[in-house]
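The values are calculated or read from the model by the stated rules, or taken from the named source; none is laboratory data. Just so it is clear, the model here is predicted, and its values are computed rather than measured. Here Cβ is always computed from backbone atoms with ideal geometry, including for glycine, and neighbour counts include all displayed protein chains. Side chains included, ligands, DNA and RNA excluded: accessible areas come from the protein's heavy atoms. Shrake-Rupley method; radii C 1.70, N 1.55, O 1.52, S 1.80 Å.
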Number of protein chains: 2
Amino acid sequence: MTATTPTPAPEAEWLRLDRQICFSLHAASRAFNGVYRVILKDLGLTYPQYLVMLVLWEEGDLPVKKLGEHLRLDSGTLSPLLKRLEAAGLVSRERSARDERSVEVRLTEAGTALRERALEVPRRIVSATGFDVDEIRDLKARLDQLTGTLDAAALEEGSR
Amino acid sequence: MTATTPTPAPEAEWLRLDRQICFSLHAASRAFNGVYRVILKDLGLTYPQYLVMLVLWEEGDLPVKKLGEHLRLDSGTLSPLLKRLEAAGLVSRERSARDERSVEVRLTEAGTALRERALEVPRRIVSATGFDVDEIRDLKARLDQLTGTLDAAALEEGSR
DNA sequence: CACAACTAAGTTGTGCACAACTTAATGGCT
DNA sequence: AGCCATTAAGTTGTGCACAACTTAGTTGTG
């Protein structure tokens, strides 16, 4: 930042920028996680568990596969997570009768009831961000665009 | 989205919005991670390991404490990570002579040399985002603002 | 019908994040 | 000097993400 900084190699400048954007995204992601951790502690849920419950509350009972499509998570992540939700009495898991490969995840009564207590979470989160609804929608739009582009790029990079 | 949807309770609407922003941020974070994973595989680094190396390349040798301040990570995360970087021959760890509590993390020759190969990473990442430099700077600014607000909010929520 | 290709869940192993704790060294205070 | 609060690392345990693999059930094709 000083006037006497010798012009750095352009590549090194990129490295600096990369470091900055890396940090920002990583830090934002963890900061968000931290706020959710604090707020969700009352409900006895982790952040990813809360995401699963949100989908079930909105979509109703779903097979693990569909749940994974909504959340972009695979069974390697979901299986143990769902076991913990089951142990907590919030969901039940049953083999589908029609397709024995599939496992249906259902909300229990306690799981359904928890929604009432979860209703206050979003307000607290939005207030924690300090953003208004429009800003949040805008940020969401950018992030979605980013995610779409990144997913496509990962596929390309992966197939090199 | 149908015209016959009964007006949902406002609280439920918030829950929907929360679900959307949650997902977006979580997905963006993981998508970014995924692109880095692919690109960094060549260098034999994970994303957090890359972050550590970026700091060391820019700041030079540092004690674990300082490293953690730059990255907002504690020794619980850094200690095992640094052990792996040491095992990979990229850094060395030595107790400080002046303060025996402190451990100095130093780049080895291989660690310093790796920077050359890392120089191409940022270009590939930026290209993967599909954003131009100004958009990236803008996104970074928003994310930093968000992180700052969230960290402050987590403290408040935590002290309830 | 038989068999190969595919699909859904689950398992295993690695690495990260974080809370809670332990260990050891330091520095202030009486 | 002696003691105690503080500090730096490291350790332990829980949970998530993901790759690679296994198991079992389904479907398409000859």
Within the stretch B:136-151, of all residues that are open to solvent by 50 Å² or more (accessible area, probe 1.4 Å) and more than 7 Å from chain A (Cβ to nearest Cβ), the one farthest from A:Glu11 (Cα to Cα) is B:Gln145
Across (1) near DNA strand D (Cβ under 9 Å from one of its atoms); (2) within 14 Å of chain B (Cβ to nearest Cβ); (3) open to solvent by less than 50 Å² (accessible area, probe 1.4 Å), A:Ser102 clears everything bar (2)
Pairs returned, first residue in the stretch B:121-132 that is among the small types (Gly, Ala, Ser), second residue that is modelled with pLDDT of 85 or more and outside any loop (DSSP other than H, G, I, E, B), beta-carbon separation under 6 angstrom, 6 or more apart or interchain, are B:Ala128/B:Val35; B:Gly130/A:Thr149
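Restricting to the stretch B:72-89, what's the tally of residues that are among the acidic types (Asp, Glu) and either assigned to a loop (DSSP other than H, G, I, E, B) or under 13 Å from the mean Cα position of the chain (by Cα) (or both)? Explain how you work it out, then say what you get.
Applying the first criterion (among the acidic types (Asp, Glu)) to the stretch B:72-89 yields B:74, B:86.
Of the ones still in play, those that are also either assigned to a loop (DSSP other than H, G, I, E, B) or under 13 Å from the mean Cα position of the chain (by Cα) (or both) are B:74.
Number satisfying all stated conditions: 1.
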The residue that is surrounded by the fewest Cβ atoms within 10 Å (Cβ to Cβ), considering only those in the stretch B:72-90 that are more than 30 Å from B:Thr147 (Cα to Cα) and of a type outside the set (Asp, Glu), is B:Ala87
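Condition test on A:Lys41, is it surrounded by fewer than 17 Cβ atoms within 10 Å (Cβ to Cβ), out of contact with any Phe, Trp or Tyr (no Cβ under 6 Å at 6 or more places or on another chain) and over 19 Å from A:Arg117 (Cα atoms)?
On the way: surrounded by fewer than 17 Cβ atoms within 10 Å (Cβ to Cβ): yes; out of contact with any Phe, Trp or Tyr (no Cβ under 6 Å at 6 or more places or on another chain): yes; over 19 Å from A:Arg117 (Cα atoms): no.
No, not satisfied.
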Taking first residues from the stretch A:25-39 that are within 8 Å of B:Thr147 (Cα to Cα) and second residues anywhere that are more than 11 Å from DNA strand D (Cβ to nearest atom) and modelled with pLDDT of 90 or more, the pairs with Cβ under 8 Å that are 6 or more apart or on different chains are A:Ala27/B:Arg72
Residue set B:Glu69, B:Glu58; condition within 12 Å of DNA strand D (Cβ to nearest atom), surrounded by fewer than 21 Cβ atoms within 10 Å (Cβ to Cβ) and either in the same structural domain as B:Arg124 (by TED's automatic domain parsing) or part of a helix (DSSP H, G or I) (or both); output residue B:Glu69
Expected single match for within 13 Å of chain A (Cβ to nearest Cβ), aliphatic (A, V, I, L, M) and open to solvent by 40 Å² or more (accessible area, probe 1.4 Å) among B:Val121, B:Val35, B:Val133 is B:Val133
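Select from the stretch A:18-60 the residues that are among the hydroxyl-bearing types (Ser, Thr, Tyr) and closer than 20 Å to B:Gln20 by Cβ and write down the one among them that is farthest from DNA strand C (Cβ to nearest atom). Steps first, answer last, please.
From the stretch A:18-60, those among the hydroxyl-bearing types (Ser, Thr, Tyr) are A:24, A:29, A:36, A:46-47, A:50; that's our starting set.
Subsequent filtering for residues that are closer than 20 Å to B:Gln20 by Cβ retains A:29, A:36, A:46-47, A:50.
Details: A:Ser29: 9, A:Tyr36: 11, A:Thr46: 10, A:Tyr47: 10, A:Tyr50: 15 Å.
Of everything passing the filter in the stretch A:18-60, A:Tyr50 is farthest from DNA strand C (Cβ to nearest atom).
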Only one of (1) modelled with pLDDT of 85 or more; (2) more than 16 Å from DNA strand C (Cβ to nearest atom) does not apply to A:Glu100, and that is (2)
Counting only residues that are part of a strand (DSSP E or B) and surrounded by 19 or more Cβ atoms within 10 Å (Cβ to Cβ), the stretch A:105-115 contains a total of 2
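To keep it simple, each residue is scored yes or no on (1) small (Gly, Ala, Ser); (2) touching a residue at least 60 places away in the same chain (Cβ under 8 Å); (3) within 14 Å of chain A (Cβ to nearest Cβ).
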{"site": "B:Ile21", "(1), (2), (3)": "no, no, yes"}
{"site": "B:Asp42", "(1), (2), (3)": "no, yes, yes"}
{"site": "B:Met53", "(1), (2), (3)": "no, yes, yes"}
{"site": "B:Leu71", "(1), (2), (3)": "no, no, yes"}
{"site": "B:Leu81", "(1), (2), (3)": "no, no, yes"}
{"site": "B:Arg84", "(1), (2), (3)": "no, no, no"}
{"site": "B:Ala87", "(1), (2), (3)": "yes, no, no"}
{"site": "B:Leu90", "(1), (2), (3)": "no, no, no"}
